[in-house]
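Following: one structure in C-alpha cells, then a few remarks.
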Amino acid sequence: MDNLMTLIIAGQTTTSAAMMWSVKFLDENQQAQDILREEQLSIAKSKPDGASVALEDINNMPYCWKVVKETVRMSTVVMWYPRVALNDCTIEGFEIKKGWHVNVDATCIHNDPDLYADPSKFDPSRFDEMQKPYSFIPFGSGPRTCLGMNMAKMTMMVFLHRLTTAYRWTVDDPDTSLEKKAHIPRLRSGCPITLTAL
C-alpha cells in the first residue's frame, strides 16, 4: 500500500504542472488543439453515452500521446537527474571518477537544436519519427525510469480527452514568468483560463 500511495502522491505535483503546460501550449497553438480535438471527438463519438475512456481508447490516441510528449519535452518538469558514477569513465574528453555525483540535464537535452529542430516551437508532429536514444528523457531512462510514467501518461491523456471534447479555452494571464521557489517549472500565474463549452 505504501508503494501505491507513493506512486499516486509523488507524481501529483509533476503531472499537474505538465497538465498546466499542456493547456498553455495548446492555447498558443490552435492548429495542434484542433487536430487533438478532432482525434478525441472521434473517440468520444465511438463510445456509448456516458461511457468512460478505457485503456484501449488511450492506446488509440496517437496524436494525444505526441501532444503529451511535446508538452513534457518543452516544459521539462523534471529538469535534471542526479546520479552517482559507479566506475571511472571519460565522456567526450571529460574524466569522471567513481563516486562522483553527476546530473543529467534534461532541459539542455530537450532544447538541443541538434536533436530538435526549432526546439522552442510547440510541434507534436516532431514525434512522428523515432528519436535518438536518450534524446527524450522526461521520465529518466534505464533502470531508474520513473515508476509512475504510465500513470502520468494516462492521467494527462484522460485530462486532455475530457478537456478537448467538452471545451475550448483561452489563457487569461499571458504572464510567462515562473514561480521562483518552485522545484519544478510552473507559471507564477497558475495559468488561469476561461472555458467555453462546445
Task: In segment 148-184, chymotrypsin sites (Phe, Trp or Tyr not before Pro) in a DSSP loop with at most 15 other beta-carbon atoms within 10 Å - done: none
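Looking at segment 2-197, send over the antiparallel percent of its DSSP beta bridges, to the nearest 5.
Working: 14 of 15 bridges.
The antiparallel fraction comes to roughly 95 percent.
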Open item on the list: With mean projected area of the Cα convex hull in nm² as the read-out, I listed (1) 13.7; (2) 9.7; (3) 15.7; which label goes with the value calculated from this structure?
Closed with: (1)
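Give a quick list of GluC sites (Glu not before Pro) in segment 92-198 that DSSP marks as loop, anything other than H, G, I, E or B, with at most 14 other Cβ atoms within 10 Å. Don't jump to the answer; show the numbers that get you there.
Numbers: sites: Glu92, Glu95, Glu129, Glu179; in loops: Glu92, Glu129, Glu179.
Taking segment 92-198 and a limit of 14 other Cβ atoms within 10 Å, the loop GluC sites (Glu not before Pro) found are Glu92, Glu129, Glu179.
How much mean residue ellipticity at 222 nm does the chain get from its helices, if each DSSP H run of length 4 or more adds -39500 (n - 2.57) and you divide by all residues, to the nearest 500 deg cm²/dmol? Walk me through the numbers on the way to the answer.
Numbers: 7 runs with 83 residues, N = 198.
When only DSSP H runs of four or more count, the value is -13000 deg cm²/dmol.
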Open item on the list: Using +1 at the C-beta of Lys and Arg and -1 at the C-beta of Asp and Glu, which of Leu36, Val78, Tyr116 has the Cα lying farthest in the positive direction of the dipole of the chain?
Closed with: Val78
Task: 0 to 90° range, to nearest 10: angle between helix 62-75 axis and the chain longest Cα axis - done: 50 degrees
Open item on the list: Give me the dipole magnitude in Debye, nearest 20, for segment 1-124 about the Cα centre, with unit charges on the beta carbon: positive for Lys and Arg, negative for Asp and Glu.
Closed with: 280 debye
Task: In the chain, lysine pairs with alpha-carbon atoms under 23 angstrom apart (chain gap of 8 or more, or interchain) - done: 19
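Each value in this text was obtained by applying a stated rule to the coordinates, not by laboratory testing. Note that this is a predicted model, so its numbers are computed, not measured. Don't worry about glycine lacking a Cβ; one is built from the backbone with ideal geometry, like all the others, and counts go over all protein chains shown.
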